[in-house]
Amino acid sequence: MKAIIQREFRAYFNTPIGYIFIGMFLLISGYFFAVSNLLPKSPDLGAVLSNMMMMFLFLIPVLTMRLLSEEKNTRTDQLLLTSPISVHEMILGKFFAAALLYTLTLCMTFLYLLIIGIHGEPAYAKLFCNYLGFILIGFSFISVGLFISSLTQNQASAAISTFAALLFLYAVDWSRSAVHSKLIMALIDCINVTKWYSEFELGVLSVPSILYYISFTTIFLLLTTRVVDAQRLK
């Protein structure tokens, strides 16, 4: 699995994808940092992360669109499927490569903490919760993108479909006011990934929210494994 992680991580920088993701992430977060923190002189960095949530709809598809669709397009998926590594190791390797790039890019925003620390007193306990929640929801979105990438061999289709799926997950909470069925409301709560971030946003280290994101990510990784397994048996 280590070899898969290294291979996939290097692949991000053998193409423009890694640079585009890092550049756009830092550009947009830098803009929100200037507007939310520097200009109003606010020490609350959580506002930057909350505003970045919407940008996930565009950035995560860029990160995940090639993970499995490119393998099928270039016919290298058969080499992987017949190699000594198992399917779940291949899936985890690709997931961890994308998660590593995402996490390292997020760590670059620690510069904002340094700037705030020089000129103010950040609430580090709250910021820890903000960052933890942001990492977990990012991993959840990556698992969705990886799953969708396993369904097609076209990167553009994978990106567009991932955007649509993440937009649905992001906006599903808006339908709660129009729903009166407790069963449907419970279902909305199960797939409403942004709802579970709210406690992290407030600085609360919520164990149920942590377990939710771990479970959500695990489910989509298992679904991806089933899809790839089915394709191997064809």
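For the stretch 109-118, check the following and say yes or no: at least one residue is more than 11 Å from the chain's Cα centre (by Cα), modelled with pLDDT under 85, buried (at least 17 other Cβ atoms within 10 Å of the Cβ) and of a type outside the set (Ser, Thr, Tyr). Yes: one or more hits.
Could you check the stretch 100-112 and list, in sequence order, the residues that are closer than 12 Å to Gly30 by Cα and not β-branched (Val, Ile, Thr)? Working first, answer last.
Taking the stretch 100-112 as the starting set, the residues that turn out to be closer than 12 Å to Gly30 by Cα are 106, 108-112.
Hits for the stretch 100-112 are Leu106, Met108, Phe110, Leu111, Tyr112.
The C-beta contact set for the stretch 208-232 (first residue closer than 29 Å to Cys129 by Cβ, second residue hydrophobic (A, V, I, L, M, F, W, C) and outside any helix (DSSP H, G or I), distance under 7 angstrom, 6+ apart or interchain) comprises Phe216/Val193. Screening the candidates Ser198, Ser215, Ser209 for the property of being among the polar types (S, T, N, Q), under 21 Å from Ile142 (Cα atoms) and surrounded by fewer than 13 Cβ atoms within 10 Å (Cβ to Cβ) yields one hit, Ser215.
Within the group Phe13, Phe21, Phe25, Phe32, which residue is within 16 Å of Leu100 (Cα to Cα) and open to solvent by 20 Å² or more (accessible area, probe 1.4 Å)?
Phe13
A residue that is at pLDDT 90 or above and open to solvent by less than 20 Å² (accessible area, probe 1.4 Å) cannot be found anywhere in the stretch 81-89. Look at Phe32 and say whether it is touching a helix residue (DSSP H, G or I) at 6+ places or on another chain (Cβ under 6 Å), over 12 Å from Ile116 (Cβ atoms) and assigned to a helix (DSSP H, G or I). Yes; evaluated as a whole, the condition is true for this residue. Check whether at least one residue in the stretch 130-151 is touching a residue at least 40 places away in the same chain (Cβ under 8 Å), surrounded by fewer than 18 Cβ atoms within 10 Å (Cβ to Cβ), of a type outside the set (Gly, Ala, Ser) and within 24 Å of Ser209 (Cα to Cα), and report yes or no. Yes, because at least one residue in the stretch 130-151 is touching a residue at least 40 places away in the same chain (Cβ under 8 Å), surrounded by fewer than 18 Cβ atoms within 10 Å (Cβ to Cβ), of a type outside the set (Gly, Ala, Ser) and within 24 Å of Ser209 (Cα to Cα). Applying the set (1) of a type outside the set (Asp, Glu); (2) modelled with pLDDT of 80 or more; (3) not in a helix (DSSP H, G or I) to Phe96 leaves exactly one unmet item: (3). Once the stretch 119-129 is narrowed to residues that are open to solvent by 40 Å² or more (accessible area, probe 1.4 Å) and assigned to a helix (DSSP H, G or I), the residue that is nearest to Thr224 (Cα to Cα) is Phe128. Annotation: of all residues in the stretch 165-195 being at pLDDT below 75 and outside any helix (DSSP H, G or I), the one that is surrounded by the most Cβ atoms within 10 Å (Cβ to Cβ) is Val179.
The values are calculated or read from the model by the stated rules, or taken from the named source; none is laboratory data. Computed from a predicted structure; not experimentally measured. Positions of Cβ are generated from backbone atoms using ideal geometry, with glycine treated the same way; all protein chains shown enter the neighbour counts. Calculation scope for accessible area: heavy atoms of the full protein, side chains included, ligands and nucleic acids excluded. Shrake-Rupley method; radii C 1.70, N 1.55, O 1.52, S 1.80 Å.
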